[in-house]
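Below is one structure; the comments refer to it alone.
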Amino acid sequence: MKKIEKKYQRTKLGLLLDERNMTLKEFAELVYKKTGYFIAVTNLSNYCTGLRPIKKIDIIKKFADTLEIPITEFL
């Protein structure tokens, strides 16, 4: 079987979720419960794989508040 090369590296958000053994669905649910911000799992997947960068600081702040870590962990 041919080995597939990864085009994107896991972002800090993706690594943090891996460390905490959280699925994207669980994290999206937690973000909504703690901040009231609704995020699609597809967008989270794009952010975690590095396919799309997180461009807005307010989204990063919501993620940091949810994970209870300093915002500088994402920057």
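The values are calculated or read from the model by the stated rules, or taken from the named source; none is laboratory data. Note that the structure is a prediction, hence the values are computed from the model and not measured. In this analysis, Cβ positions are derived from the backbone assuming ideal geometry, glycine residues included, and neighbour counts consider all displayed protein chains. For accessibility, only protein heavy atoms count, side chains too; no ligands or nucleic acids. Shrake-Rupley method; radii C 1.70, N 1.55, O 1.52, S 1.80 Å.
Of Leu44, Leu15, Leu24, which is the most mobile in a GNM of the chain whose springs link Cα atoms less than 10 angstrom apart?
Comparing Leu44, Leu15, Leu24 in a Gaussian network model of the chain, the most mobile one is Leu15.
Can you give the translational diffusion coefficient of the chain in µm²/s, computed by Stokes-Einstein from the Kirkwood radius over Cα pairs at 20 °C and 1.002 mPa s?
On the way: Rh = 12.8 Å.
Calculated translational D: 167 µm²/s.
Lysine pairs, Cα distance under 17 Å, 8 or more residues apart or cross-chain: how many in the chain?
Lysine pairs meeting both conditions in the chain amount to 11.
Run the helix sum for the chain: -39,500 (n - 2.57) per DSSP H stretch of 4+ residues, divided by residue count, reported at 222 nm to the nearest 500 deg cm²/dmol.
Details: 4 runs with 40 residues, N = 75.
Helices in the chain give a 222 nm mean residue ellipticity of -15500 deg cm²/dmol.
Projecting each Cα onto the charge dipole of the chain (Lys/Arg +1, Asp/Glu -1 at the beta carbon, about the Cα centre), which of Phe27, Gly50, Tyr37 comes out farthest on the positive side?
Gly50
Could you list the GluC sites (Glu not before Pro) in the chain that lie in coil according to DSSP, counting only those with at most 11 other Cβ atoms within 10 Å of their Cβ?
Details: sites: Glu5, Glu19, Glu26, Glu29, Glu68, Glu73; in loops: Glu5, Glu68.
Within the chain, the qualifying GluC sites (Glu not before Pro) (loop, at most 11 other Cβ atoms within 10 Å) are Glu5, Glu68.
Given a 1.4 Å probe and every protein chain left where it sits, what share in percent of the accessible area of the chain is carbon and sulfur? Please list the in-between numbers first.
Values: 3160 of 5740 Å².
The computed percentage sits at 55.
Could you check which residue among Thr35, Thr49, Thr11 shows the biggest mean-square fluctuation in a GNM of the chain with a 10 Å Cα cutoff?
Of the options given, Thr35 has the highest mean-square fluctuation.
Subtract the Cα-Cα distance of Glu26 and Phe38 from 0.36 nm times their separation in residues, and report this length gain in nm to one decimal. Spell out each step's value before the answer.
Details: separation 12, 0.36 × 12 = 4.32 nm, distance 1.24 nm.
Result for the pair: 3.1 nm of gain on full extension.
Name the residue, out of Phe27, Phe38, Phe63, whose mean-square fluctuation peaks in a Gaussian network model built on the chain with Cα pairs under 10 Å.
Highest fluctuation of the listed residues: Phe38.
In debye, nearest 20, what is the charge dipole magnitude of the chain about its Cα centre with +1 on Lys and Arg Cβ and -1 on Asp and Glu Cβ, if you could check? Write down the numbers at each step before the final one.
Numbers: 15 positive and 9 negative charges, 82 e Å.
The dipole magnitude comes to about 400 debye.
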